[in-house]
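The values are calculated or read from the model by the stated rules, or taken from the named source; none is laboratory data. Small disclaimer: the values here were computed from a predicted structure and weren't measured. Heads up, the Cβs are rebuilt from the backbone with ideal geometry, glycines too, and the neighbour counts pull from every protein chain shown. With ligands, DNA and RNA removed, areas are computed over all heavy atoms of the protein, side chains included. Shrake-Rupley method; radii C 1.70, N 1.55, O 1.52, S 1.80 Å.
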Amino acid sequence: MGVVNVTPDSFSDGGLYLDPGAAIEHGRELAADGAAILDVGGESSRPGAAPVAIDEELRRVVPVVEGLRGLEVDISVDTSKAAVAAAALDAGATIVNDVTALRGDPEMAALVADRDAGLVLMHMVGDPRTMQVNPEYDDVVAEVRDFLAERLAAAVAAGVEGSRIWLDPGIGFGKTDQHNFELLRGLDRLVALGRPIVVGTSRKSFIGRADGSEIDERLGGTIATSILAAAAGAAVLRLHDVREMAEALMVATAVLG
Ligand code: HH2
């Protein structure tokens with residue numbers, strides 16, 4: 001899953017692809033580099049990010065989804081607003097990536113069910129403004145697993161086809177570095193939920209704290225964490241650097257079979 005951030009303030013590439021033409025060009029490159037899914041987002045969810053109004057998010061996302069339709073890839077929309085998801089599905093997206101796991105907008109579950117869209121449910125404690133304030137768990141893997149199982153059941157109860165749902169531990173969303181490490185080590189316990197697991201470690205700050213890298217130097221740590229996630233059973237890796245990761249995965253797959 002290649003990341004197309006149409007935002008001025010995303011933590012690693014904010015402002016680079018705010019222009020729709022630049023975002024579309026970037027998405028095409030990610031597809032050529034091997035992405036199977038392009039995840040288009042118009043609102044940053046980095047810690048402390050300011051919320052974006054619906055009109056502005058629509059203005060950012062819809063032209064980019066329209067510009068990417070017709071490629072041999074699926075398009076997901078990274079939003080927690082049902083109105084933005086609806087417009088993106090109209091424009092050619094087929095998956096909703098909701099970092100609030102259907103808790104952000106009461107209309108979202110019915111929309112995804114009605115449109116028969118794919119759905120990514122992600123774990124997050126609180127919201128991006130508060131999530132990194134002293135996150136605490138007794139057993140982070142068990143608590144994330146139970147949360148995802150509950151959100152999966154809620155989505156199915158709302159009419160979303162179970163086979164269309166993917167689950168994501170939300171690396172960096174209300175977690176300390178140790179929580180992120182524990183989740184990556186315990187990923188098999190999330191795989192056991194029986195739905196494909198999405199993992200996004202790309203360029204995140206816990207990598208920088210582990211290896212001393214700045215945001216634009218985190219490819220090595222991104223590849224290490226993503227390969228470990230894939231080896232533990234992750235089905236989808238959410239990435240900014242698709243070509244390098246595709247190469248690493250090809251080699252890792254050749255070794256592991
Ligand atoms: N991470 C980010 C955003 N959306 N969605 C899922 N399902 N999983 C993730 O780990 C995830 C996500 C944060 O990364 P990015 O989009 O690069 O940054 P920002 O939120 O600042 O735009």
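Which of N97, N134, N180 moves the most in a Gaussian network model of the chain with Cα springs under 10 Å?
Between N97, N134, N180, it is N134 that shows the largest mean-square fluctuation.
Could you compute the longest span of the chain free of GluC sites (Glu not before Pro) located in DSSP loops and having at most 15 other Cβ atoms within 10 Å, not counting the site residues?
The answer is 1-71.
Over what distance in Å are the Cα centres of segment 5-35 and segment 130-155 separated?
One Cα centre to the other: 30 Å.
State the percentage of accessible surface on segment 1-130 attributable to carbon and sulfur atoms; use a 1.4 Å probe and exclude ligands, DNA and RNA.
With neighbouring chains kept in place, the figure for segment 1-130 is 50 percent.
Between I215, I95, I223, find the one with the highest GNM mean-square fluctuation for the chain; connect C-alpha pairs within less than 10 Å.
Result for the chain, Cα springs under 10 Å: I215 fluctuates most.
Once you charge only the Cβ atoms, +1 for Lys and Arg and -1 for Asp and Glu, what is the size of the charge dipole of segment 1-113 about its Cα centre, to the nearest 20 debye?
140
Tell me, in nm to one decimal, what length is gained between D19 and D116 on full extension, where the rule is 0.36 nm per residue of separation less the Cα-Cα distance?
31.9 nm
Dipole magnitude of segment 80-136 about its Cα centre, charges +1 at Lys/Arg Cβ and -1 at Asp/Glu Cβ only, in debye to the nearest 20?
Once rounded to the nearest 20, the dipole reads 120 debye.
HN-Hα J couplings of segment 231-243 from phi, Karplus 6.51/-1.76/1.60, θ = phi - 60°, integer Hz, Gly and Pro as x?
Rounded to whole hertz, the list is 5, 7, x, 4, 9, 9, 10, 8, 9, 8, 10, 6, 4.
Label 7 Å along Cα→Cβ of E217; segment 165-186 residues with amide nitrogen under 11 Å?
none
Charges at C-beta only: +1 for Lys and Arg, -1 for Asp and Glu. How large is the resulting dipole of segment 2-256 about its Cα centre, in Debye rounded to 20?
340
For the chain, set up a GNM with springs between Cα atoms under 10 Å and report which of L119, L193, L38 has the largest fluctuation.
L193
Go through segment 37-44 residue by residue and turn each phi into a ³J(HN,Hα) via Karplus (6.51, -1.76, 1.60, θ = phi - 60°); whole Hz please, and just put x for glycine and proline.
With the stated coefficients, segment 37-44 comes to 9, 10, 9, 9, x, x, 9, 5 Hz.
Can you list the residues, at least 5 places off or on another chain, whose amide H is less than 5 Å from the amide H of R238, using H built in the peptide plane?
V199, G200, T201
Show me, for segment 137-146, the HN-Hα J-couplings you get by feeding each phi into the Karplus relation (A = 6.51, B = -1.76, C = 1.60, θ = phi - 60°), rounded to Hz, glycine and proline as x.
Along segment 137-146, the couplings run 9, 7, 9, 4, 5, 5, 5, 5, 4, 5 Hz.
When ligands, DNA and RNA are left out and all protein chains stay put, how many square angstrom of accessible area per residue does the chain have with a 1.4 Å probe?
42
Determine the share of segment 210-249's accessible area contributed by carbon and sulfur atoms, expressed in whole percent, with a 1.4 angstrom probe.
Answer for segment 210-249: carbon and sulfur cover 56 percent of the accessible area.
Picking from A232, F173, V99, whose Cα lies most toward the positive end of the charge dipole for segment 2-256 (charges on Cβ: Lys, Arg +1; Asp, Glu -1)?
Farthest towards the positive pole: A232.
Check V96: other-chain or 5+ apart residues with amide H under 5 Å from its amide H, H built from backbone geometry?
V77, G118, L119, V120
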